[in-house]
C-alpha cells in the first residue's frame, strides 16, 4: 500500500470487527484526540493476562510518550525486552449520552483513539528529560517552564515508554440517535445529553506567599 | 485469609508494585467508583498482544456486566472459552490536576478501579435482558423504563460479558501537591486545578412531538 502521509496505515490490528464506518486513520484527527485527552489507559500483558492501568502521556510528533515509574511492571517488562513490550494505549473523550427510543440504539457520542505497538523504555537521559517536560506540558501547557525539572535521582525514579505512532485508529460517533423507523412513533423521549470536561478555579497550596495563579492556569482549557 | 465481606481479597494481581498506600480493597468504595464512571476501558489479549477498547458497563451486586457486540473480538474469544476470557477492566475519574513546584511531584487527583478476572458471555436470555437494562440504567438512571427493550433480533446482536467482582482494587490520590521541603521556597505556583465531568441541557431529537425532556434527564447527575 502506498504511504499517504496524512493517514496512518490501516492494519489488521487497527481494523474494527464492526462499525467500520466509525473508524478513521487520519493523522491530524488522531493527534487532536491524543492531545485533548488528559489521561490514557495503558494495556499490557502479564503471564498471559491483560492489565489495564490509567496513566498520562504526551504526543511528540509521531511518538507517544507514556509515563510510568521505574518500579512499575510495564517498565520492568520493557527494560527486559530489547524489542519492546507489546502495549495498547487508549484515550476516550465522551461528548454526549445518546438516548434512543429503543434500548438497542442507546449509545454515546465519543472520540476514542487506540494505539497498538511495542513500547520501549526511553534510556537516553536527554530524551527522558524532554519527554517528561512534554508530559508536564501535556497536562498544563506552559507548565514545564514554570516548575523545577527533575534532578538525576528523580529522573532515575521515573520511566518513560516510547511508543511509535504507527498503528493507530480513531473511532467516533456523532449526531442524534438513529432509531429504526417504526420506533419513531413510540412515546419515548430521544436526543442527546451533552457531556463535558470542565475545569474549576485554581486552588493554591497553603504555603504560597503569592496565591495568584499563573497565566497558564487561569482560563485553562484543553487544546 | 479470612473473608471480610466489607473488602475484596487482596491478591498478587491486585497488589500495586508501587504507591501501595494509594490502594484500597474496600467494597463500597470500589462500587461507588464503578457506579459513577460513565464508561470503562476493557483490556484483553489477542495473539499475545493487549487490546484496550472503551465500552460501557453496569455493576449488579458483585457482578460487572460489560457491553459488547456479538461480532466483537472479545465476545468471540469469550464464546470460544468455557472458562471465560482473561480481561482487565479499568475505570478512572479525574478530580484535579496536581501542580507542584517540581515536575517530579506533578500528579493528578483521581479515583481509579481496575478489575481482573475471567469474563464469560451471558448466554441466558433473561440475564442478558436484565444486564442490558442495567447498562442503560447505568448511563441514565430510570432510562430502561422509558425506552423500548430489545427484541429477539436485537438481543442476539448484543453481547454481554459477565465479570465477577473478585479481584478489584481502587487506587486514588487526594489533596495538595507534596513537594519536597527545599522546593517550597521556589518561586513556582503550586496547587490544584479541579476537573469535573458536567452535563449540558438535553438536546431533543428533531422528530419529537413533545421535546420536553423527562425527569430522569433534567438535573442529570452521576450517582
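The values are calculated or read from the model by the stated rules, or taken from the named source; none is laboratory data. None of these values were measured; they are calculated from a predicted model. No Cβ is skipped: glycine too gets one built from the backbone with ideal geometry, and neighbour counts run over all protein chains shown.
Here are a few things to note about the model shown:
- Filtering region B:72-87 for residues that are modelled with pLDDT of 95 or more and within 7 Å of chain A (Cβ to nearest Cβ) leaves a non-empty set.
- Some residue of region B:79-88 being within 12 Å of the chain's Cα centre (by Cα) and outside any helix (DSSP H, G or I): yes
- Every residue from region A:172-197 that is at the interface with chain B (Cβ under 8 Å from one of its Cβ atoms) and farther than 23 Å from residue B:212 by Cβ: A:197
- Among the residues of region A:1-40, those identified as farther than 26 Å from residue A:178 by Cβ and assigned to a strand (DSSP E or B) are A:7, A:40.
- Residue within region A:49-62 that is without any contact (Cβ under 8 Å) to a residue 12 or more places away in the chain and more than 29 Å from residue A:143 (Cα to Cα) present: yes
- Hits in region A:205-223 (condition: within 21 Å of residue A:145 (Cβ to Cβ), facing chain B (nearest Cβ under 7 Å) and over 27 Å from the mean Cα position of the chain (by Cα)): A:205, A:208
- Number of residues in region B:23-48 that are more than 18 Å from the chain's Cα centre (by Cα) and either surrounded by fewer than 19 Cβ atoms within 10 Å (Cβ to Cβ) or more than 14 Å from every other protein chain (Cβ to nearest Cβ) (or both): the value is 3.
- Test: residue in region A:56-68 that is buried (at least 21 other Cβ atoms within 10 Å of the Cβ) and more than 25 Å from residue A:223 (Cα to Cα): no
- Selection status of residue A:138, touching a residue at least 60 places away in the same chain (Cβ under 8 Å) and under 30 Å from residue B:152 (Cβ atoms): no
- Pairing residues of region A:7-19 that are under 15 Å from residue B:45 (Cα atoms) with residues that are exposed (fewer than 13 other Cβ atoms within 10 Å of the Cβ), at Cβ distances under 9 Å and at least 6 apart in sequence or on separate chains, gives A:13/B:47.
- Scanning region A:17-44 for residues being modelled with pLDDT under 95 and in contact with a helix residue (DSSP H, G or I) (Cβ under 7 Å, 6 or more places away or on another chain) gives a total of 1.
- Each residue in region B:49-60 was checked for being out of contact with any strand residue (DSSP E or B) (no Cβ under 8 Å at 6 or more places or on another chain) and facing another protein chain (nearest Cβ under 7 Å), and 0 pass.
- Lone unmet requirement of (1) at pLDDT below 95; (2) within 30 Å of residue B:118 (Cα to Cα) for residue A:1: (2)
- Being free of Cβ contacts under 8 Å to residues at least 60 places away in the same chain and at the interface with chain A (Cβ under 10 Å from one of its Cβ atoms) is true of residue B:91.
- Of residues in region B:90-106 being touching a helix residue (DSSP H, G or I) at 6+ places or on another chain (Cβ under 9 Å) and assigned to a strand (DSSP E or B), the one nearest to residue B:195 (Cα to Cα): B:97
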